[in-house]
Amino acid sequence: MKKVEIIERWGLFPGIFFCLVALIVLSTGITPAYAAAKLKVEPSHYDFREVPEGPPASMTAVLENTGDADLTIKNVWTHCACTDSELGKQTLKPHEKTTLKITYKTVDRPGIFQKNITIATDIAGQEEVEMEVVGTVKEAPGAKIQVTPRKIDVGSMKKGLSKKLTLTIDNIGALPLVIKKIVERGSGAVYYDEAKQGDIQIESGKKRQLEIEYKTAKSGSFTEVLLIESNAKNAPKGGFAFMVVGKGEE
């Protein structure tokens, strides 16, 4: 009888031993070998739908560590200068959350957009987590310029003498188009200046012919670029360009 009791009592020791080990692990903060972090991004796909051109479009995602070990967010890549990110915290404990703000710059970017964001972590097997933002930027009303012809051949012309060039300028935008200056890109020669001649305004959907006196100081074949400075939203920063080609004679 005593021998049986001793065996039964001894059988309790393995269970007690494992319980003690578990208590030690929990009390000392030792992470079990099987513990792992896991990153959850909500939402991982976001549709802005339609946003106006001008104000930046922003959304905020929630990042949560749903695992049972700490994780570190090493980096966030937006892959485009048009998209910015702002991360709340880099290190997350188990079940801790943080925010990731994504901002898309809409100025001069009308139309459909689709941008990917990559979140780099220290999690084995989950080194990169992808999220995506999409939407459509509704173009803001503005003036738009169209010039005909874009290339003018003046043929042969004497140096120092001028030729009249006729341009047809269309405003294909929704607001009035204002022509401020016409300059030659290389020499800086001015062919039209609102400061001296007053600006030219063309209403939406209208066109106007403009004459300029063109001169060349070059001998031989030449190609010159003239820039029209205006308030047109479809024009590059330096101005809307057209070309003049010909041959200068002594």
For Lys101, counting only aspartates and glutamates whose alpha-carbon sits under 15 Å away and dropping same-chain residues fewer than eight positions off, the answer is Glu42, Asp47, Glu64, Asp84, Glu86, Glu130, Glu132
With the 1.4 Å probe rolled over protein heavy atoms, the chain has an accessible area per residue in Å² of 61
CD proxy, 222 nm, the chain: helix-only mean residue ellipticity via -39,500 (n - 2.57) per DSSP H run with n ≥ 4, per residue, nearest 500, stands at -3500 deg cm²/dmol
Per-residue accessible area, 1.4 Å probe, largest first, puts Met131, Met243 in the order Met243, Met131
So, relative contact order of segment 92-250 in percent, Cα under 8 Å, 6 or more apart, is 24
Total charge of the residues flanking Lys101 in space, meaning their Cβ is under 9 Å from its Cβ, with Lys and Arg +1 and Asp and Glu -1, is -2
Within the under-13-Å Cβ sphere about Gly142, not counting Gly142, Lys/Arg +1 and Asp/Glu -1 give a net charge of 0
Residues other than Thr216 with Cβ under 13 Å of its Cβ, Lys/Arg counted +1 and Asp/Glu -1, net out at 0
Binned at 10 Å starting from 0, the alpha-carbon pair-distance distribution of segment 134-250 in whole percents comes out as 13, 43, 28, 12, 3, 1
Mean shadow area (nm²) of the C-alpha convex hull around segment 47-176 is 13.5
Across the alpha-carbon set of segment 136-176, Rg over Rh with Rh taken as the Kirkwood radius works out to 1.25
On the accessible surface of segment 135-193, probed at 1.4 Å with all protein chains in place, carbon and sulfur together account for a percent value of 51
The Kirkwood hydrodynamic radius of the chain, taken as the inverse of the mean 1/r over all distinct Cα pairs, in Å, comes to 24.5
Within segment 128-166, DSSP-loop GluC sites (Glu not before Pro) with at most 11 other C-beta atoms within 10 Å are none
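The values are calculated or read from the model by the stated rules, or taken from the named source; none is laboratory data. Quantities reported herein were computed from a predicted structural model and do not represent experimental measurements. Glycine also receives a Cβ, built like all others from the backbone with ideal geometry; neighbour counts cover every protein chain displayed. Just so you know, the surface numbers come from the protein's heavy atoms only, side chains and all, with ligands and any DNA or RNA stripped out. Shrake-Rupley method; radii C 1.70, N 1.55, O 1.52, S 1.80 Å.
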